[in-house]
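Peer 1: Here you go, one structure.
The values are calculated or read from the model by the stated rules, or taken from the named source; none is laboratory data. The shown structure was predicted, so the numbers you read here are calculated from the model rather than taken from an experiment. Cβ: placed from backbone, ideal geometry, glycine included. Neighbour counts: every protein chain shown. Accessible surface is based on the protein model in full, side chains and every heavy atom, while ligands, DNA and RNA are left aside. Shrake-Rupley method; radii C 1.70, N 1.55, O 1.52, S 1.80 Å.
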Amino acid sequence: MSDVPALVRRAVASLPLYDPERANVLIDVSDSTNLWGMPPAGAAVLREIASRVVAGYPSAYADELAPSIRRYLALPDTGVVTGCGSDDVIDSTMRAFGEPGEAIAFSTPTFSMVPALARLNGLRNVPVPFGAGFDLDAQRLVEARAKITYVCAPNNPTGTSVSRAAVEYVVERAAGVVMIDEAYAEFAPATFERLALKSDRVLIVRTFSKAFGLAGLRVGYAVGAPPLTDAVARARGPYKVNTVAERAAMAVLDDTADGLRWVRTQAKLAMEIREQVASALATRGYSPIPSNTNFLFLPTRDAGALAQRAVTRGVVVKRMEGLDRTAPELAASDGKGLRLGVGPWDIMERVIEALT
Ligand SMILES: *Cc1c(COP(=O)(O)O)cnc(C)c1O
């Protein structure tokens, strides 16, 4: 028998592989990627680069992409760190600032990768239930005195926003670094990137996987005071964003009809369709939580059975169970629910049908 299992760190041995629950079906809205696909500007870069040499290394820290990010966010002097998806940026931030045994505090339920990555990095998870209306319980988050505080705004999987007052309270008083994950910023009525100017302990984390339609290329980033982003870059290591991904990310940030304007138009459409889907589901007896993202969360005790039946109708939705039940919506659904990504209306009609 192999003695390798005995050599594996405990935090790793007890961590299951991520199960994306891919099924061989026509319609998959189980993650909230861009169901319209990638912007034409991204596709053009891929065609062009495919005919050129990719045998060399990319830039060490995606240095060419950083100016595009600064321009997009209108933060000309901010530090930028990129990564192989924002998962990598979050992971590297934990390694940069969290000594093993130190705490990371976050509102719950939230992005499931965060507690998993924290365990891998030897951090202690301090989940704090959301306050009323899924706003942050800012006081309890601060009282955790955590080395790292993670705020997901808007939040996955609930789709809800948090108030500016609560976020500012946390930023002003938190003991350590505050990571604000804005994976869904392009769908949100308000964003927090300018807090990076107010505090040198705030990191704003963003991704190209959602509105920007490049999930398969794996590019994410964080902005903040240069000493913060430098530390994350050192913990991350060089060459994590490949040449193709860096070039495509630059192209979709360009203010062109095929790039950034395509992204903005399509994000607006996703928000309109999201509201249509929400009302269609409401008339069928569901109570979707009002969303500021490109997905809808439906609290329901029947999440398992509904997801299973949807698959038989060729549709995959994300089933969630064991969520924190402090919020009345989640208490009523026994901590269970379905998350549906929002895409073109013809797809969503099929999704609604599959849940009816
Ligand atoms: C999807 C998502 C991410 C990350 O994605 P990457 O593909 O790793 O960039 C990060 N945070 C939240 C809240 C998400 O929903």
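Peer 1: Sort through 149, 160, 207 and tell me the only one that's within 16 Å of the chain's Cα centre (by Cα), among the polar types (S, T, N, Q) and more than 28 Å from residue 122 (Cβ to Cβ).
Peer 2: Only one candidate passes the filter, namely 160.
Peer 1: Examine segment 278-292 for a residue that is among the hydrophobic types (A, V, I, L, M, F, W, C), in contact (Cβ under 8 Å) with a residue 40 or more places away in the chain and either within 16 Å of the ligand (Cβ to nearest atom) or open to solvent by 50 Å² or more (accessible area, probe 1.4 Å) (or both), and state whether such a residue exists.
Peer 2: yes
Peer 1: Tell me which residues, restricted to segment 318-335, are open to solvent by 10 Å² or more (accessible area, probe 1.4 Å) and more than 15 Å from residue 111 (Cα to Cα).
Peer 2: Within segment 318-335, the first condition is being open to solvent by 10 Å² or more (accessible area, probe 1.4 Å), and the residues that meet it are 318-329, 331-332, 334.
Across segment 318-335, the qualifying residues are 325, 326, 327, 328, 329, 331, 332, 334.
Peer 1: Now for a different question. So for segment 144-163 (the condition being part of a strand (DSSP E or B), within 13 Å of the ligand (Cβ to nearest atom), touching a strand residue (DSSP E or B) at 6+ places or on another chain (Cβ under 6 Å) and not hydroxyl-bearing (Ser, Thr, Tyr)), does at least one residue qualify?
Peer 2: Here is the first cut: in segment 144-163, the ones part of a strand (DSSP E or B) are 148-152.
So of that shortlist, the ones also within 13 Å of the ligand (Cβ to nearest atom) come out as 150-152.
Narrowing further to those that are touching a strand residue (DSSP E or B) at 6+ places or on another chain (Cβ under 6 Å): 150-152.
Checking the rest, the ones that are also not hydroxyl-bearing (Ser, Thr, Tyr) come to 151-152.
There is at least one residue in segment 144-163 that is part of a strand (DSSP E or B), within 13 Å of the ligand (Cβ to nearest atom), touching a strand residue (DSSP E or B) at 6+ places or on another chain (Cβ under 6 Å) and not hydroxyl-bearing (Ser, Thr, Tyr).
Peer 1: Which of the residues belonging to segment 177-213 are of a type in the set (Gly, Ala, Ser), surrounded by 21 or more Cβ atoms within 10 Å (Cβ to Cβ) and more than 16 Å from the ligand (Cβ to nearest atom)?
Peer 2: 196 - this is the single residue of segment 177-213 that is of a type in the set (Gly, Ala, Ser), surrounded by 21 or more Cβ atoms within 10 Å (Cβ to Cβ) and more than 16 Å from the ligand (Cβ to nearest atom).
Peer 1: It is to be established whether one or more residues within segment 232-251 are open to solvent by less than 70 Å² (accessible area, probe 1.4 Å), part of a loop (DSSP other than H, G, I, E, B) and out of contact with any Lys or Arg (no Cβ under 9 Å at 6 or more places or on another chain).
Peer 2: yes
Peer 1: Output the number of residues of segment 40-93 satisfying the condition of being part of a loop (DSSP other than H, G, I, E, B), within 14 Å of the ligand (Cβ to nearest atom) and either open to solvent by less than 20 Å² (accessible area, probe 1.4 Å) or basic (Lys, Arg) (or both).
Peer 2: 1
Peer 1: Looking only at segment 94-115, count every residue that is assigned to a helix (DSSP H, G or I), more than 12 Å from the ligand (Cβ to nearest atom) and open to solvent by 10 Å² or more (accessible area, probe 1.4 Å) and tell me the total.
Peer 2: Step one: of segment 94-115, the residues assigned to a helix (DSSP H, G or I) are 94-97, 113-115.
Checking the rest, the ones that are also more than 12 Å from the ligand (Cβ to nearest atom) come to 94-97, 115.
Now drop any that are not open to solvent by 10 Å² or more (accessible area, probe 1.4 Å), which leaves 95-97, 115.
Here the count works out to 4.
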